[in-house]
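Notes follow the structure.
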Amino acid sequence: MNYVVYVIELSKKVYTEDRKFREANPQFNGVLECLYVGMTSKTPQERFKQHVSGYRNKKGYKLSANIVQKYGSYLRPGLYNHINVKPMTRAEALKMEAKLALDLRRQGYAVWFN
């Protein structure tokens, strides 16, 4: 199975309303955006729709991130398209998710990832 990494822009309200998000991003100065970085075997568009709808699998487990369901605005393909040029395994995508999230934090974005 192939995986991709994606980025969703979050409302800046997440920074003031979510203590864990704020604590994870002490470097944030409010200039750039708040983001969620994830990875999936679906298309980024499909995964975004799942997050926003509060998707649950057949067993009833919630597979959407609460932070995206509440604060998600839209996909930011300009921040991830360059990464998805070749298929990735799940392990590669997990590493790339963390690398991208930390790179974006260093650039001044506030970022949440799992």
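Each reported figure results from applying straightforward, stated rules to the coordinates on display, with no laboratory input. These numbers come from a predicted model, not from an experiment. Glycine gets a Cβ as well: all are built from the backbone with ideal geometry, and neighbour counts include every protein chain shown.
Restricting attention to segment 60-108, the residues being of a type in the set (Ser, Thr, Tyr) and more than 12 Å from the chain's Cα centre (by Cα) number 2.
Residues of segment 47-65 being among the basic types (Lys, Arg) and under 18 Å from Arg76 (Cα atoms), which ones? Of everything in segment 47-65, those that are among the basic types (Lys, Arg) and under 18 Å from Arg76 (Cα atoms) turn out to be Arg47, Lys49. Screening segment 1-86 for helices (runs of 4 or more DSSP H) wholly inside it with 2 or more residues that are surrounded by fewer than 18 Cβ atoms within 10 Å (Cβ to Cβ) and either touching a helix residue (DSSP H, G or I) at 6+ places or on another chain (Cβ under 7 Å) or among the acidic types (Asp, Glu) (or both) returns the ranges 13-17, 19-24, 44-53. Selection over segment 15-48 of residues that are of a type outside the set (Gly, Ala, Ser) and more than 13 Å from the chain's Cα centre (by Cα) gives a count of 18.
Going by what's in this entry, would Arg19 be described as in contact (Cβ under 8 Å) with a residue 60 or more places away in the chain and among the basic types (Lys, Arg)? Against the criterion (in contact (Cβ under 8 Å) with a residue 60 or more places away in the chain and among the basic types (Lys, Arg)), Arg19 does not qualify.
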